[in-house]
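A short reminder: the numbers here are calculations on the coordinates, not readings from a lab. Since we're looking at a predicted model, the values are computed, not measured. Please note: Cβ atoms are built from the backbone with ideal geometry, for glycine as well, and neighbour counts cover all protein chains shown.
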Amino acid sequence: MTLSAEHSPSLASMDWLRHGFFGRQGGVSIAPYDSLNVGLAVDDSEASVQANRQAIADSLGGAPLIVLKQTHSTHVETITAPLTGVVEGDAMVTATPGLLLGIQTADCTPILFADRQAHIIGAAHAGWRGAVDGIIGNTIAAMVKLGADPEHIVAAYGPTIWAQNYEVGDQFQADFLALHPTGEDLFFTPTGGKAHFDLPGFVQAQLRDAGVSTIEQVGGCTYDNPDRYFSHRLATHQSRKTGRQMSVISISLR
């Protein structure tokens, strides 16, 4: 099984960590989840999903893969050991080597974090709800609590839906601007159409506001690249089902 992952140059330069933004290729799931689906909350077989997750873990050294039950919240879990049972949350941080932090997405924005000096990492699932409510700031705050410094943090965000395909409508725009009144530039309205939202642009702004100076984009638009990524919105528009891809980061064991 050959997996395909995309990488952040800055994260890849750190010899003490491993990471990857995995797409949909290289797994064992059959259509419409072909082939590296990692989502248990869809109708794919559990055996296929677990095989795909294990393949990702093996490609990054075989450490335990930590996956939360994501709920579009702002909750950040500090991880010190493999989880037992179901734990809800939308971001994780750790200073413990040998644990793989995995984030599932299918249009939302996956973000991987690493403090160059303190060797503290994080991973966050930033959909529009979590991003608007503060998941990014909460993740960085949790890293700081472990000893990180925002000035030393590298943040890389992976494949996500881009603004040209993210129609949200006027009410979304009004509700968003009520909370973030300086965010007008994150919206555009095509002629005769409805408002579109720049989710990755908002993610970048939130990272900058939290004091992160090194921000990298990895991969392309999930909606525009169905051969490379799962896209929930594209699947909905085509009246079909789809899977979830995974972005992973780990402090290497020495």
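Highest GNM mean-square fluctuation, the chain, Cα pairs closer than 10 Å: which of ALA124, ALA47, ALA163?
Residue with maximal mean-square fluctuation among ALA124, ALA47, ALA163: ALA47.
Given a 10 angstrom Cα cut-off, can you work out which residue in VAL93, VAL67, VAL28 is the most mobile in a GNM of the chain?
Looking only at VAL93, VAL67, VAL28, the largest GNM fluctuation is found for VAL28.
With only Lys, Arg, Asp and Glu charged, each at its Cβ (+1 for the first two, -1 for the last two), find how big the charge dipole of segment 87-238 is about the Cα centre; round to the nearest 20 debye.
For this selection, approximately 260 debye.
Rounded to the nearest 5, what is the percent of antiparallel bridges among the DSSP beta bridges in segment 5-133?
That works out to approximately 65 percent antiparallel.
Equivalent ellipsoid semi-axes for the chain, as square roots of 5 times the alpha carbon gyration tensor eigenvalues: give them largest first, rounded to whole Å.
The answer is 27, 24, 15 Å, longest axis first.
Can you tell me how much longer the chain between ALA12 and ASP58 gets when fully stretched, taken as 0.36 nm per residue apart minus their C-alpha distance, in nm with one decimal?
Extending this stretch completely gives an extra 14.8 nm.
For the chain, set up a GNM with springs between Cα atoms under 10 Å and report which of GLY169, GLY23, GLY219 has the largest fluctuation.
GLY169
LYS241: which lysines have alpha carbons under 24 Å from its alpha carbon, excluding same-chain residues fewer than 8 sequence positions away?
Correct list for LYS241: LYS69.
Over the chain, what relative contact order in percent results from Cα pairs under 8 Å that are six or more residues apart?
25
Divide by every residue of the chain the summed helix terms, -39500 (n - 2.57) for each DSSP H run of at least 4, and state the resulting mean residue ellipticity at 222 nm, rounded to the nearest 500 deg cm²/dmol.
Taken over the chain, the calculation gives -7000 deg cm²/dmol.
Any idea what diffusion coefficient segment 7-56 gets from Stokes-Einstein, in µm²/s, Kirkwood Rh on alpha carbon pairs, 4 °C, 1.567 mPa s?
109
What FRET efficiency, computed as 1/(1 + (r/R0)^6) with R0 = 35 Å and r the Cβ-Cβ distance, is obtained for GLU151 and ARG129, rounded to the nearest 0.05?
0.80
Can you give me the C-alpha center-to-center distance between segment 1-80 and segment 161-216, rounded to a whole angstrom?
Segment 1-80 and segment 161-216 have Cα centres separated by 27 Å.
Packing-wise, with mean Cβ within 10 Å as the measure, how do 174-180, 144-150 rank, highest first?
144-150, 174-180
Tally the DSSP beta bridges in the chain and give the antiparallel ones as a percent, rounded to 5.
70
Would you please give the residues with an amide H less than 5 Å from that of THR78, counting only those at least 5 places away or on a separate chain, with H modeled from the backbone geometry?
Those lying under 5 Å, H to H, from THR78 are VAL93.
What does the charge add up to near ARG129, with Lys and Arg as +1, Asp and Glu as -1, over the other residues with Cβ less than 12 Å from its Cβ?
Neighbour charge sum, excluding ARG129 itself: -3.
Cα gyration tensor of segment 115-161, axes a ≥ b ≥ c as square roots of the eigenvalues: rounded (a/c below 1.5), prolate (a/b > b/c) or oblate?
oblate
What does the charge add up to near GLU88, with Lys and Arg as +1, Asp and Glu as -1, over the other residues with Cβ less than 13 Å from its Cβ?
So the environment of GLU88 carries a net charge of -1.
How do PHE21, PHE187 line up, fewest other C-beta atoms within 10 Å first?
PHE187, PHE21
Sum up the charges of everything whose Cβ sits under 11 Å from the Cβ of THR242, counting Lys and Arg as +1 and Asp and Glu as -1, but leave THR242 out.
With Lys, Arg at +1 and Asp, Glu at -1, the neighbours total +1.
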